[in-house]
Amino acid sequence: MNLYGRRHEQAALDRILDGARQGCGSTMTVWGDPGIGKTALLEYAARSAATDFTVLRCGGTRLESGLTFAALHELLWPVTERISTLPEPQANALNGALGTSNDVADRFLIGVAVLTLVGELARERPVLIVADDTQWLDEPSAQCLAFTARRLRNEPVVMLLTGHDDPAEGLWEKLPAMEVRELGDDDARLLARDFAPDADESVIRRTVRAAAGNPLALQELTTSAKAGDLSTHPLADEQIAVGPRLRRAFSARIEKLSPPARTALLLAAADDRSDRNTMRQAGLALGLDAVAWDEAMHSSLLTTRPDGRVSFRHQLMEAVVYDEAPPADRQAVHRALASVLTGENADELRPWHLAAAWEAAGRPDEEVARLLEESAMRSWSRGGCATAARALRRAAKLSPSTDDAARRLAHGARAAWEAGHVDVARGMLERAEGLSSPSTVADLSEGLRGLIEFAHGNAETACRQLARDMERVADPGQAFRIGSMALRAAWAAGHGALQREALQRLERRLPHGNFPNADLLPSLRAWWTEEDGGGADDRDQVAAPVADILTRLSGSSWLLMPPAPLAVAWGIDSALQEALRRETETLRHTDQVTALTQALAQTVALDTAQGSWTSATANALEGIQVAEGTGDDLLAAQFRATLGWLAAARGDEQTVADFAARTIEVWLPRGMRVFSAGVEWNLGMTALFAGRAEEALDRLVRLTEDGHHAAHPTIALLAAADTAEAALQSGQRATAEDQARMLRRWAERTGAAWAISATHHVQALLAAGAGAEKQFRLALEVPGARSRPFNHARARLLYGEWLRRAGRRADARTQLTEAAETFRRLDAAPLLARTRAEQELTGQHQRRQPAPARDAAAILTPQELRVAQLAAQGLTNREIGAQLLISHRTVGHHLANVFPKLGIVSRADLARIDFADGMHLTG
């Protein structure tokens, strides 16, 4: 059949196919009304690509939308033998998703595996991925395709998707889209004539008018006209919506069939996943004979696919057949299908058929509910959280017992939460709480309501909810985890009284140490207690168990560890950083991507404190990618907070402002003072380094201002030296003295090297004469102070400025030279410029020298740097891709950019590059 009126659409498809032939990947969503011709355009693209592309196809169906990774299974079925060639974590994840192994599948790593597999196929020839009717794709498959679609730029891969709705929102937003509109009258007339070459011109004219440019309507109405049924359709002088018109057209054709043939059609509508043999077996159970099937197959409504499956030519036909059937008939066909199903997906499909049968009958059934629940658990283990939630919600509906229904709803809410469906999770929790007690639901959902509130609501409300749930749950270990999260929420809210209350409630809830990890409770007590006191005892309680926590708790350790800023404040960042580095190295070789992201969120703040800024940037960018891929806004915000601080230190005021605006808009209404405080610190630091001391002080004093939305004790402590410097430059000595006292108290309590050094640093600014020099020297000589190179260099700069003003130019040059080297290595432009200006004042003239090779970190993007470092270690593109969760072609693309930037021509040359800032790789 010709594609009339689709020259523009065909040209667009030709362009992107030609682009793939030239090595450029692209994605396009083709959308429009049902029957408008989207599938025909996909067929055109598939025919055009048949000779020189690998073509992979899948399509969504109503029933399969509830079957985890059904579409992905269909898509990859022709190339499943290639899965074994993937890096082991990716192969395990993909096999787990497809149900060919028992591996637990992480949805992000599944997407990475599909991207890698497609990239491997594209090494041999371009790849065309076709996904029809995306509105019916099962959600895990749709998420996987969306993940892949956004990462095809460097691969000769084209992905074409069709759907009914405008993709401006949802999974396919921001992807190139093409709307398929109605045919013009001339093209519609040509198409109608193709369908009915012998029809009278008046019939063609009336059909074109009624069809309103919809090709499927043209086909169905002209088919009716050929059969002499034109009078049954309101064609004359009437413009009717496509939906009702097509429904009437289909219904008229269905009604002409015999009751057995209509039953055969209903079988196909109830499950178009099955092959003809399964359909005929179900038909035998319903008393259908070959005559009924022959009539149904010759109705022009059904077709047989190349794989032997029976399906409707269009899903609108399927919907009409199913919706118009009496409930008793629907119940009978679903039971018949459940009784004859065989094959690899029988255990998954049978519960859905039985559920549909009982729902049609309007009665609950525990056995069917149990089967659905078991199917949900299998889906969950394979990464199909959304499918599991849907199955559990349906199982709850079929549960005769309210307790069973509540359990299934609570577990389903947890699955929906993990799938990123927050509203669905909330709704299921509310229904569960309407059937059972809040304590039972909190126990079953593992404190989910409080976690949802923490991630998407208000921090103080989350703390109170989590504290209540901690007291409700029966298991002490679970109470410990939920209580730890309550403390974290109170800390994020910057609410000291609430934090003390949560700690007291946790201690009352767990008076005896008879649960796993009970020995960590003293550590929690120490680092979550804000008041002074404890001294060496507190230091020992906090520092000792850090590595042990990670060793014992692995991916869930982040719930029980202090947040990274608090760990930095306590001075335990070196021990925590080393433990996290080992943990991250391990996680990169597994499919625990969520745990990896949580570890990275801790790592970036620690890397920043320790001067590994390039590593911090690379990890933060990677973390944002993963967090956004898994829908974790809270983790994404943590990564952006670090990037904002780094931008402030580097003088990138626009980036600081952009991050600040986004953070305030999203997190200020939620009471997350830790983020609001971080914004004020970043903005204040930017102003301070730009010489705007009063503006800087105006922002920084908010960190300790009672009741201010940016008041936060931990952030205020970390920013105290900045606040003191801004205060003294603004003539506010009393404010600087307050900061010095706060630092001294913290240093005495924790013994943290940075706090001791910062205390001497601020005292030096406050002192005069020999007292100032003594304090500067003490600040620089604190054991461990050099582990914070940025802070150490700032102390050298200030000491150098003091020495220069005292007329000791030679001594000043020594300090300024060391400071300048650190600022240059870190690319801390504002302080580097200030240091060089001081050097000029001492008579030390700077000679312009070519940038050494070790400035690679400043030349390359963070991802290019990570690729280059791994390549320098001798890893292949494939091995690098496996570690960084990108395709080997993307690795090659990055290396192609690295070589000219560094002035080298081969991988061997990478070995002589010194990659700056003492950067260490976490993978």
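No lab work stands behind these numbers, since they all come straight from the coordinates. Computed from a predicted structure; not experimentally measured. No Cβ is skipped: glycine too gets one built from the backbone with ideal geometry, and neighbour counts run over all protein chains shown.
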(message) Please list, in order along segment 498-506, the HN-Hα scalar couplings obtained from phi with the Karplus expression 6.51 cos²θ - 1.76 cosθ + 1.60 (θ = phi - 60°), rounded to whole Hz, x for Gly and Pro.
(response) 5, 5, 5, 5, 5, 5, 5, 5, 5
(request) With everything on Cα atoms, drop me the angle between helix 753-766 and the longest principal axis of the chain, reported from 0 to 90° to the nearest 10. (result) 50 degrees
(request) Return the long-range amide H neighbours of Gly35 (sequence gap of 5 or more, or a different chain), with a cut-off of under 5 Å between placed amide H atoms. (result) none
(message) Apply the a/c threshold of 1.5 to the C-alpha gyration tensor of segment 646-742 and tell me whether it is rounded, prolate or oblate.
(response) oblate
(message) Test of understanding: what is the full-extension gain from Asp289 to Asp186, defined as 0.36 nm times their sequence separation minus their Cα-Cα distance?
(response) 32.6 nm
(message) Amide H of Arg57 versus every other amide H placed in the peptide plane: which residues, excluding those fewer than 5 positions away on the same chain, fall under 5 Å?
(response) Val130
(request) Could you work out how far the C-alpha centroid of segment 480-515 sits from that of segment 64-100, in angstrom? (result) 42 Å
(request) May I ask you to derive the FRET efficiency for Arg276 and Ala46 from their Cβ-Cβ distance with R0 = 25 Å, giving the value to the nearest 0.05? (result) 0.60
(request) Would you please give the residues with an amide H less than 5 Å from that of Met178, counting only those at least 5 places away or on a separate chain, with H modeled from the backbone geometry? (result) Thr29, Val30, Trp31
(message) Once you place label points 7 Å from the Cα toward the Cβ at Asp519 and Gln504, how far apart are they in nm?
(response) 3.0 nm
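Would you mind ranking Trp77, Trp491, Trp31 by Cβ crowding within 10 Å, fewest neighbours first?
On the way: Trp77 13, Trp491 27, Trp31 22.
Placing the least packed residue first, the sequence is Trp77, Trp31, Trp491.
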(message) Highest mean first, how do 661-668, 596-603 rank when packing is the count of other Cβ atoms within 10 Å averaged over residues?
(response) 596-603, 661-668
(message) Using only Cα atoms and rounding to the nearest 10 degrees, what angle (0 to 90) does helix 829-841 make with the longest principal axis of the chain?
(response) 30 degrees
(request) Enumerate the calculated ³J(HN,Hα) couplings along segment 606-616 in order (Karplus 6.51 cos²θ - 1.76 cosθ + 1.60, θ = phi - 60°), each rounded to whole Hz, writing x wherever the residue is Gly or Pro. (result) 6, 4, 4, 4, 8, x, 8, 6, 5, 4, 4
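Take every Cα pair under 8 Å in the chain that's 6+ residues apart, average their separations, divide by the length, and report that relative contact order as a whole percent.
Numbers: 1514 pairs, mean separation 75.7, N = 923.
RCO, the chain: 8 percent.
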(message) To test your reading of the geometry: what angle, between 0 and 90 degrees and rounded to tens, separates the Cα axis of helix 862-872 from the longest principal axis of the chain?
(response) 90 degrees
(request) Specify which labelled value, from [x] 1.11; [y] 1.60; [z] 0.97, agrees with Cα Rg over 2.2 N^0.38 Å derived from the coordinates of the model shown. (result) [x]
(message) What's the ranking of 451-464, 714-727 by average number of surrounding C-beta atoms within 10 Å, highest first?
(response) 714-727, 451-464
(message) Could you tell me the calculated FRET efficiency between Glu374 and Lys174, based on Cβ-Cβ distance and R0 = 22 angstrom, to the nearest 0.05?
(response) 0.05
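Okay, helix-only estimate at 222 nm for the chain: each DSSP H run of n ≥ 4 adds -39500 (n - 2.57), divide by all residues, round to 500 deg cm²/dmol; what do you get?
Numbers: 48 runs with 597 residues, N = 923.
Result for the chain, helices only: -20500 deg cm²/dmol.
Within a 10 angstrom radius of the beta carbon, how do His298, His73 rank from fewest other beta carbons to most?
His298, His73
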(message) Show me, for segment 358-371, the HN-Hα J-couplings you get by feeding each phi into the Karplus relation (A = 6.51, B = -1.76, C = 1.60, θ = phi - 60°), rounded to Hz, glycine and proline as x.
(response) 6, 5, 4, 7, x, 10, x, 7, 5, 5, 5, 4, 5, 5
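Report the extension gain between Arg733 and Asp307 in nm, rounded to one decimal, defined as 0.36 nm multiplied by the number of residues separating them, less their alpha carbon distance. Please list the in-between numbers first.
Working: separation 426, 0.36 × 426 = 153.36 nm, distance 8.15 nm.
Between Arg733 and Asp307, full extension yields an extra 145.2 nm.
If we count other beta carbons within 10 Å of each Cβ, what is the order of Ser101, Ser202, fewest first?
Values: Ser101 16, Ser202 9.
Going from sparsest to densest Cβ surroundings: Ser202, Ser101.
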(request) Within the set of other residues whose C-beta is less than 10 Å from the C-beta of Ala131, count the net charge using Lys and Arg as +1 and Asp and Glu as -1. (result) -2
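Less than 15 Å Cβ to Cβ from Glu366, Lys/Arg counted +1 and Asp/Glu -1: what total charge do the surrounding residues give? Present the calculation step by step, with values, prior to reporting the outcome.
Working: positive: Arg363, Arg370, Arg394, Lys397, Arg407, Arg408; negative: Glu359, Asp365, Glu367, Glu373, Glu374, Asp403, Asp404.
Charge balance near Glu366 sits at -1.
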(request) Please give, to one decimal in nm, the separation of the simple spin-label points placed at Arg786 and Asp18, each 7 Å out from Cα toward the Cβ. (result) 6.2 nm
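Which FRET efficiency, nearest 0.05, do Lys901 and Glu124 yield, Cβ-Cβ r, R0 22 Å? If you can, show how the numbers build up before the last one.
Numbers: r = 30 Å, r/R0 = 1.37.
Rounded to the nearest 0.05, the efficiency is 0.15.
Counting only other residues whose beta carbon sits under 12 Å from that of Asp14, what net charge do I get with K and R as +1, D and E as -1?
On the way: positive: Arg6, Arg7, Arg15, Arg21, Arg47; negative: Glu9, Asp18.
That works out to +3.
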